[in-house]
Amino acid sequence: MDIPVIAGAISTAVFAASNLPMLRKALRTRDVSSYSPVSLVMINAANVVYSLYVFALPPGPIWALHSFYLVSCAIMLAVLLDQRRRAAARRAVGERVGSTATIDV
């Protein structure tokens with residue numbers, strides 16, 4: 001292996017490891033309310049387009065790093081969408097319960 005490939009492999013491991021606590025917390029708590037939905041959608045769209053470039057390159061550390069980013073950003077978006085779906089369901093249940101309440105006089 002040459003120096004650039006070794007450097008790429010090491011930096012890939014460090015970048016991936018630095019994102020693991022964020023992913024772990026998001027998956028554990030299911031709370032990603034601090035993340036911008038627009039930003040997560042744009043990041044995922046950019047990752048898909050960037051994949052056209054990355055996967056045209058010879059296999060190497062960049063494939064691993066980009067694949068990690070693809071998966072981790074997709075997970076964050078999925079957790080955000082699930083969180084919003086659950087919140088909407090709770091609001092809908094609350095509205096149904098609130099609308100059937102009667103007042104005893």
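The values are calculated or read from the model by the stated rules, or taken from the named source; none is laboratory data. Because the structure is a prediction, the values reported are computed rather than measured. So basically every Cβ, Gly included, is an ideal-geometry build from the backbone, and we count neighbours across all protein chains shown. For the accessible areas, the whole protein counts, side chains as well, though only heavy atoms, and no ligand, DNA or RNA atoms are used. Shrake-Rupley method; radii C 1.70, N 1.55, O 1.52, S 1.80 Å.
Might you let me know whether segment 27-38 holds any residue that is farther than 21 Å from residue 88 by Cα and at pLDDT below 95?
No, segment 27-38 contains no residue that is farther than 21 Å from residue 88 by Cα and at pLDDT below 95.
Residues being assigned to a helix (DSSP H, G or I) and either open to solvent by less than 80 Å² (accessible area, probe 1.4 Å) or in contact with a strand residue (DSSP E or B) (Cβ under 7 Å, 6 or more places away or on another chain) (or both): count how many of those fall in segment 1-34. Spell out the reasoning first.
Residues of segment 1-34 that are assigned to a helix (DSSP H, G or I), as a first pass: 3-29.
Next, only the ones that are either open to solvent by less than 80 Å² (accessible area, probe 1.4 Å) or in contact with a strand residue (DSSP E or B) (Cβ under 7 Å, 6 or more places away or on another chain) (or both) stay: 5-9, 11-13, 16-23, 26, 29.
Residues meeting the conditions: 18.
For segment 46-87, which positions are surrounded by fewer than 11 Cβ atoms within 10 Å (Cβ to Cβ), modelled with pLDDT of 95 or more and part of a helix (DSSP H, G or I)?
The answer is 49, 52, 53.
How many of the residues in segment 35-45 are of a type in the set (S, T, N, Q) and either touching a residue at least 24 places away in the same chain (Cβ under 8 Å) or part of a helix (DSSP H, G or I) (or both)? If you could, list the steps in order and put the result at the bottom.
Within segment 35-45, the subset of a type in the set (S, T, N, Q) is 36, 39, 44.
Still in the running and either touching a residue at least 24 places away in the same chain (Cβ under 8 Å) or part of a helix (DSSP H, G or I) (or both): 39, 44.
So the answer is 2.
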